Amino acid sequence: MPALVLAVAEVADGSLTRLSTEAATLARALAEAAGGTALGLVVDAAPAGPAAELAGYLPRVVAVTAAELADQVPAPHVAAEVARLLGEGVTHVVIGATTDGRDIAGTLVGLTGLGLLANADTASWDGDAPVTRSVVLGGRAVTESTLSGGSGIITLRPGGVGASEAAVPGAVEPREPSTPAVPAAVVLERVAEAGAEVSLEDARVVVVGGRGVGSPEGFAVVEELAGLLGGVVGATRASVDAGWVPYARQIGQTGRVVKPALYLGLGVSGAMQHRVGMQGSEVIVAVNRDQDAPIAEVADLFVIGDLFQVAPALATEIRVRRGG
Amino acid sequence: MRIVVLTKPVPDPAAGAERLGPDNRLDRAASPTVVNGNDEYALEAALQLVEAHGGEVVILTMAPANGTETMRKALAMGAARGIHVTDDALAGADLPTTIRVLAAAAGQEAFDLLLGGLDTSDGAGGAVTAGVAARLGLPLLSTAAHIEPDPAAGRVRVRRLSAKGYDLVEAPMPAVISCTQALGAPRYPSLKGIMAARSRPIAAHSLADLGDGLAPADGAWATRVVAAEPPTARAAGRTVTGSATDAAREIADFLADRRLI
């Protein structure tokens, strides 16, 4: 049976998420390597725009207009469409390892009994079975995992696969929604919290405040540097648990995984659970008073010093170099 | 209300000794075992809900025979009783089997809410609670930061963490909820709780007790780990000491060299 690899896309603010383009690129690469075919799926209240975007990456895109997604959680609806496509011959499903993506994957496993290769950074073939590489046990090991059967599900972490468009754009196939097999929770209200509006995963620069920042007010220096560097503010579990920043900012095993061009850590000790979420960053700079802080093991530049002196001095230095 | 909480024994992440054995499975002897962190948030939330609304908290664990040691810790926090699914045929079980088994065991309880951690520190796939919900045909309220049941109306509302803040979501009970640290820190067991936990019942179930066809024969799992290695170490970096001004200049030089400023 030739591989038919499905990429499940996610829509945010009317556009395809970056991780969706990475999932689409992986699905296409897997299909091409196996002499098979790739396709994409967009399920949204208004799928046309993101489906057209996705068709830049895949030869065929199924676009399902599901009006319910305006005020229901997506997983049951998306899982229903994936289940239908599995019935039409899809062999492998690639889904972003996001909040919704994990719900969709879990729902599918519960409904179909298919195997799940979770949190893949990359995937390739060994014979007719995909092999995924994942970081496990809070960063203590990297594993290669595979499926025993002929089909299954992969959840993909951000940043492991570079998104690239196909040479020839594909066709979009509109569809009516099918009926979900499980009830969907209703969304009564969407609440935006201050400081949580930009995506950590998409940021080129992430400036992170750890326990050493000491207070919500202390985050002013973190925010100042993030602003100067054109980056966004991230946090460690300690600073989130202390209530200084919202959970949406947390980087690490139980938060976001980031791979920015620059990670700048201020007062971040670098516990394993945090490092698993940032050690893929291209350049890591850390400022910490403690010379034994474990973040030194992954930092390209490790500054031993008081962040409340070094960070303002760095802000001044950047301003001076830019001519005031 | 009856609330079932999925509690998985995991190697203590704080001990720093989590590792895979030669068979690429978790080496359970290498580390002390604790209740999975996110499951503890779920348990704490469940205990507070029962304190407010009445009822009981039941913990559900699928684990080897010695899993009862960790279950006692959860009972010491205040859960009324435990269900321990244990069977040699489940060693190394895959996700679909885990979901089928937990759903079958939970399905024997007339629960209002089934809570579990968003993910586990040793598995981290984050798919079990969603899978159990789907298997039981129940609504899933995932990534919970706050749980507010209305037993009279038979509904539950959850603040579901989103990329921008949270969504307020609602579903009829019974419902399944995946839980995050944003629910609040778990309590420490009191001495009284620890004593009481010794006599709280733990019902042991084998696979056969739960029904047929839940696990594939001969451990023919849907997925398997074929190789494991330590993570690639990054090249050693440079350490900077000295005055804040000098350090700032060095960082700026370093960033400028890489066109980051």
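Structure above, values below:
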item: Exposure of A:M272 as accessible area (Å², to 10), given a probe of 1.4 Å and all protein chains; result: 50 Å²
item: Between helix A:99-112 and chain A: long-axis angle, C-alpha atoms, 0 to 90°, nearest 10; result: 30 degrees
item: Between region A:1-51 and region B:139-167, the Cα center-to-center distance that results, in Å; result: 29 Å
item: Cα long-axis angle, helix A:75-87 against chain A (0 to 90 degrees, to the nearest 10); result: 40 degrees
item: Fully extended contour minus Cα-Cα distance, from B:H53 to B:E69, at 0.36 nm per residue; result: 2.9 nm
item: Accessible-area order (highest first, 1.4 angstrom probe) of the listed residues A:R237, A:R275; result: A:R237, A:R275
item: Accessible area (Å², 1.4 Å probe, nearest 10) - B:H53; result: 80 Å²
item: Placed amide H near A:V191: partners under 5 Å, 5+ positions off or other chain; result: B:Y166, B:D167, B:L168
item: Two-decimal Rg/Rh across region A:4-175, once Rg and the Kirkwood Rh are taken from alpha-carbon atoms; result: 0.94
item: Potential lengthening between A:S215 and A:A45 on full extension [0.36 nm per residue; Cα-Cα distance subtracted]; result: 57.1 nm
item: Relative contact order (%) - criterion: Cα under 8 Å, at least six apart; region: chain B; result: 23 percent
item: Cβ neighbours within 10 Å from other chains - mean over B:165-176; result: 5
item: Other protein chain Cβ atoms within 10 Å, averaged over every residue that makes up B:251-260; result: 6
item: Per-peptide average of other Cβ atoms within 10 Å, ordering B:60-72, A:42-54 highest first; result: A:42-54, B:60-72
item: Largest to smallest accessible area among B:L191, B:L20, A:L262, A:L188 [probe 1.4 Å]; result: B:L191, A:L188, B:L20, A:L262
item: Computed [θ] at 222 nm, deg cm²/dmol, the protein assembly as shown (DSSP H ≥ 4; -39,500 (n - 2.57); rounded to nearest 500); result: -8000 deg cm²/dmol
item: Computed E for B:L191/A:R322 - FRET, C-beta separation, R0 60 angstrom, nearest 0.05; result: 0.50
item: Pairwise label distance in nanometres, A:Q291 with A:A70, each label 7 Å out on the Cα-Cβ vector; result: 6.3 nm
item: Size of electric dipole in region B:2-219: Cβ of Lys, Arg +1 and of Asp, Glu -1, about Cα centre, debye, nearest 20; result: 520 debye
item: Convex hull volume per residue for the protein assembly as shown, taking Cα atoms only, in Å³; result: 153 Å³
item: Most mobile listed residue (B:S243, B:S121, B:S31) in chain B, GNM with C-alpha springs under 10 Å; result: B:S243
item: Approximate spin-label separation B:A110-A:D202, in nm, with each point projected 7 Å along Cα-to-Cβ; result: 4.9 nm
item: Carbon plus sulfur fraction of accessible area for chain B, probe 1.4 Å, in percent; result: 50 percent
item: Kirkwood Rh in Å, taken over region B:89-145 so that all alpha-carbon pairs contribute; result: 12.0 Å
item: Amide H contacts of A:A129 (H built 1.01 Å from N, under 5 Å, at least 5 apart or other chain); result: none
item: FRET E, pair B:R81, B:A236, Förster distance 45 Å, beta-carbon r, rounded to 0.05; result: 0.30
item: Kirkwood Rh (inverse of mean 1/r, distinct Cα pairs), chain B, angstrom; result: 20.3 Å
item: Region A:4-175, relative contact order [Cα under 8 Å, separation at least 6], %; result: 28 percent
item: Shielding by partners, peptide B:61-74 (average Cβ within 10 angstrom, other chains); result: 0
item: Two-site label geometry, A:S124 and B:D209: point separation in nm, points 7 Å out along Cα→Cβ; result: 4.6 nm
item: Residue-level accessible surface for A:E224, protein heavy atoms, 1.4 Å, Å²; result: 70 Å²
item: Listed residues B:P139, B:T61, B:G78: farthest to the positive end of the dipole of region B:2-219 (Cβ charges); result: B:G78
item: Karplus 3J(HN,Hα) series, Hz, for region A:130-135 with 6.51 cos²θ - 1.76 cosθ + 1.60 (x for Gly, Pro); result: x, 10, 10, 10, 9, 8
item: Residue (of B:A196, B:A110, A:A70) at the positive-pole extreme of the protein assembly as shown, dipole from beta-carbon charges; result: B:A196
item: FRET efficiency, B:D257 to A:D241 (Cβ-Cβ, R0 45 Å, nearest 0.05); result: 0.80
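The values are calculated or read from the model by the stated rules, or taken from the named source; none is laboratory data. Predicted, not measured: the structure shown is a model, and the values here were computed from it. Neighbour counts are summed over all protein chains in view; Cβ atoms, including those assigned to glycine, are modelled from backbone coordinates with ideal geometry. SASA here: full protein model, heavy atoms, side chains in, ligands and nucleic acids out. Shrake-Rupley method; radii C 1.70, N 1.55, O 1.52, S 1.80 Å.
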